[in-house]
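The values are calculated or read from the model by the stated rules, or taken from the named source; none is laboratory data. A quick note: this is a predicted structure, and the numbers were derived from the prediction, not measured. Cβ sites come from the backbone with ideal geometry, for glycine too, and all protein chains shown count toward neighbours. Ligands, DNA and RNA are stripped out before the accessible areas are found, and what is left, the full protein with its side chains, is counted by its heavy atoms. Shrake-Rupley method; radii C 1.70, N 1.55, O 1.52, S 1.80 Å.
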Amino acid sequence: AMTFNWAYFNSEYKDQQVSTFVGLGFVVTNAASSDIQGLEMDMAWQATDRLRLGANVAFLDAEYGEFKGAGCTAAQASALIALGKLETGGKLTSASPVTSALGCQQKFLADGKASGSSQDVSGSQLGGDYNGSLTADYVAPMQNGDSWFVSVDVSFTDSFLYTGDMDPVASQAGFEKVNVRAGVRGENWNLMVFGRNVTDEITRAGGADLPLALGSHFSYMEPGSIWGARASYSF
């Protein structure tokens, strides 16, 4: 009537390539290492002849073990430009007395001219601390041999950062989303109505620094509530 599974994992990645969009291009560097460990559990329970319940949850502990060449945030890049204007009235050079701002270090070419920047995000967290879902499926027979069904599932996740520069602006708070389905089905046909994200949670799917607008940031969103119907027939 019930199954329960669990798995523990512990992984270490070396020379992991990370790409971060910083407004006008991508900063692609190798993180020296990242350490990921976690615990996953899932359960399915046939509570009654008609009701089946399920749950799964994953706990994650992941961070960059060492990553000194990460792209800088929009705020850090703006601070470097302001520093250059403050110190030299122009751009920073290798001869400037101060060449870092807000943790972002200006890089230089062999001739002393500025060329890119980076920050040290060693020890920064990767992903959220947990995520999972709860499900309930109810199926009941009809007198003609067909059946009707109702299903509900709730997915949830902890807060997380979605850009490689660990910009606190690029943070999605923890959330829950609810999906529902109901319908009737026979031996070779199915009629169903459904709703996804029925509570209309508005969440970010990702984002980056805004091109040609220094210090700005944009996000693109996941869909809000979706309602629909589906009919299928198998020949």
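Projected over all directions and averaged, the alpha-carbon convex hull of region 175-228 occupies 5.6 nm². The HN-Hα couplings worked out from phi for region 7-13 by the Karplus form 6.51 cos²θ - 1.76 cosθ + 1.60 (θ = phi - 60°) are 8, 10, 9, 9, 10, 10, 10 Hz, whole numbers, x standing for Gly and Pro.
Evaluated with a Cβ-only charge set (Lys, Arg +1; Asp, Glu -1), the chain carries a dipole of roughly 620 debye about its Cα centre, given to the nearest 20. Near Ser124, the amide H atoms lying under 5 Å from its own belong to Tyr64; only residues 5 or more places off or on other chains count, and H is placed 1.01 Å from N. Taking the 1.4 Å solvent-accessible surface of the chain as the whole, the part contributed by carbon and sulfur is 56%.
Helical runs (DSSP H, four residues minimum) scored at -39500 (n - 2.57) apiece and divided by the length of the chain put the mean residue ellipticity at 222 nm at -2000 deg cm²/dmol.
With both labels modelled 7 Å from their Cα along Cα-to-Cβ, the Lys91 to Glu176 distance reads 5.3 nm.
Over region 69-222, with the other protein chains present, what is the accessible area per residue in square angstrom, probe 1.4 angstrom?
On the way: 8170 Å² over 154 residues.
For region 69-222, the per-residue accessible area is 53 Å².
From the alpha carbon centroid of region 100-127 to that of region 26-99 is 15 Å.
Each residue of region 195-202 was assigned a 3J(HN,Hα) from its phi angle through the Karplus expression (A = 6.51, B = -1.76, C = 1.60, θ = phi - 60°), giving x, 10, 6, 5, 8, 6, 6, 9 Hz with x at Gly and Pro.
Working from Cα positions, state the angle (0 to 90°, nearest 10) between the long axis of helix 74-87 and the longest principal axis of the chain. Helix 74-87 sits at roughly 10 degrees to that axis.
Here is the size of the chain from its Cα atoms: Rg then Dmax, 25.1, 87 Å.
Residues of region 195-235 with the amide nitrogen closer than 13 Å to a label point 7 Å from the Cα of Arg185, along Cα-to-Cβ, please. The answer is 230-234, whose backbone nitrogens lie closer than 13 Å to the label point.
From Cα pairs below 8 angstrom and at least 6 apart in sequence, can you work out the relative contact order of the chain, rounded to a whole percent? Walk me through the intermediate numbers first.
Values: 578 pairs, mean separation 37.5, N = 235.
So the answer I get is 16 percent.
Computing FRET efficiency as 1/(1 + (r/R0)^6) for Val198 and Gln37, where r is the C-beta to C-beta distance and R0 is 30 Å, gives about 0.30. Phi-derived couplings, Karplus 6.51 cos²θ - 1.76 cosθ + 1.60 at θ = phi - 60°, listed residue by residue for region 129-144: 7, 7, 7, x, 7, 10, 9, 9, 10, 10, 10, 10, x, 10, 5, 8 Hz, with x used for Gly and Pro.
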